[in-house]
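The values are calculated or read from the model by the stated rules, or taken from the named source; none is laboratory data. Computed from a predicted model, the values in this text were never measured in an experiment. Positions of Cβ are backbone-derived with ideal geometry, glycine not excepted, and every protein chain shown enters the neighbour counts. Surface areas here come from the heavy atoms of the whole protein model, side chains and all, with no ligands, DNA or RNA. Shrake-Rupley method; radii C 1.70, N 1.55, O 1.52, S 1.80 Å.
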Amino acid sequence: KVDGQDSLVETTILSQPGPVLYAKDRDQKGEAILRRVLARLEAYHTGEDNPFAAVITLWLWITLYAQSRFQEAMGVFEEVLGVVEKLWGPDDTTMVAALERMGLMFYSRGRYLEAEKLFRRVFYTRKKKLGKAKCTIQAAYNLGAVLIAQEKQTEEVVEVFLYALDGLRKARWLGDSPRKFLVEDSLANILLTLKMYEEAEKVLKDNLEDRKRVLGEVYRTFKVAQNLGFALLQQEKLEEAEDFFRYALEGQERVLRAGRLQTNRSAFLLGVSLQTQKRSYEAEPHLRRALVVMKGLNGDEESEVLACVSWLRKS
């Protein structure tokens, strides 16, 4: 007992249920305990740079975040950020994990610039300290996602997703995770946007084989085949592109309605590949079919409709 108050040891014991309660989704009770501990620490005049107080404050921030009380959580985080950096340094594991959580908070609120700043710091810090650890791969994915959300189709995005993809392929703990497929999809879309068709072809071929093996012939498998055909078409690998467009079209017709836009986009691209090979008689029915559906969905002036009309005239 110290002046009739509980001892610091007892306060330390009292603090333990905070994180435990948080883990059990009992956030409000956990918050109450954490605030009580912080009040006692302040009464003991332990100083603002006390590491124990910093840890408890970080847990308080997490419980507020879990309750979607974002404004309060951001206030607590900004309050403790400088203390944590001073105590453990800017590259400390706890510090970096806290920055990542804060970045996720910003991302979920649509504040992409702030999220990007934090995600970039987290990724490059972990890359330097930990290499291709699980948390580094996650950080790479987060950074890539926030860059895409801002439509920043740059070489940095490609670099980040390539890093994540390489790590995912080598990670034995992951296996054939859906996360790997998402990274491959994102990377391929970026490469296609940047007109890096040869690189996109490699990623898409790996992605297609993995999806066939793990997921079978589902809608997304055929969409990947369609994208692969497009990458081949842009490289004038016409016969190979035709094969993938036929595979995509036949598969989409099995799993989707005939009038769906994706199905008829495959028909359009197949028609384009045939017409480019001077096989107009075969191309025309595919282009006409695509044109009818595209007009019905998008109207006469939509860019895809105009492109389809142009190719149909050539046939």
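A search for C-beta distances below 8 Å between a residue of the range 144-162 that is more than 19 Å from Leu104 (Cβ to Cβ) and any residue that is open to solvent by 60 Å² or more (accessible area, probe 1.4 Å) and among the β-branched types (Val, Ile, Thr), counting only pairs 6+ apart in sequence or on different chains, returns Gln153/Thr193. Do we have any residue at all in the range 32-46 that's within 25 Å of Asn142 (Cβ to Cβ) and at pLDDT 75 or above? Scanning the range 32-46, I find no residue that is within 25 Å of Asn142 (Cβ to Cβ) and at pLDDT 75 or above, so the answer is no. When Phe106 is tested against the conditions (1) touching a helix residue (DSSP H, G or I) at 6+ places or on another chain (Cβ under 8 Å); (2) open to solvent by 10 Å² or more (accessible area, probe 1.4 Å); (3) touching a residue at least 24 places away in the same chain (Cβ under 8 Å), the lone failure is (3). The set of residues in the range 213-237 that are in a helix (DSSP H, G or I) and farther than 18 Å from Val183 by Cβ comprises Tyr219, Phe222, Ala225, Gln226, Gly229, Phe230, Leu232, Leu233, Gln234.
Whenever a residue of the range 211-237 is open to solvent by less than 30 Å² (accessible area, probe 1.4 Å), it has no partner that is outside any helix (DSSP H, G or I) and small (Gly, Ala, Ser) lying with C-beta atoms less than 9 angstrom away and at least six residues away or across chains. Among the residues making up the range 78-133, those that are of a type in the set (D, E, K, R) and over 23 Å from Leu165 (Cα atoms) are Glu78, Glu79, Glu85, Lys86, Asp91, Asp92, Arg109, Arg111, Glu114. Among the residues of this structure, Glu72 does not count as one that is modelled with pLDDT of 85 or more and of a type in the set (Asp, Glu).
In the condition set (1) of a type outside the set (Asp, Glu); (2) in a helix (DSSP H, G or I); (3) at pLDDT below 85, Lys132 is compliant with all but (2). Of the candidates Arg120, Arg126, Arg101, Arg109, the single residue that is within 19 Å of Glu31 (Cβ to Cβ) and of a type outside the set (A, V, I, L, M) is Arg101.
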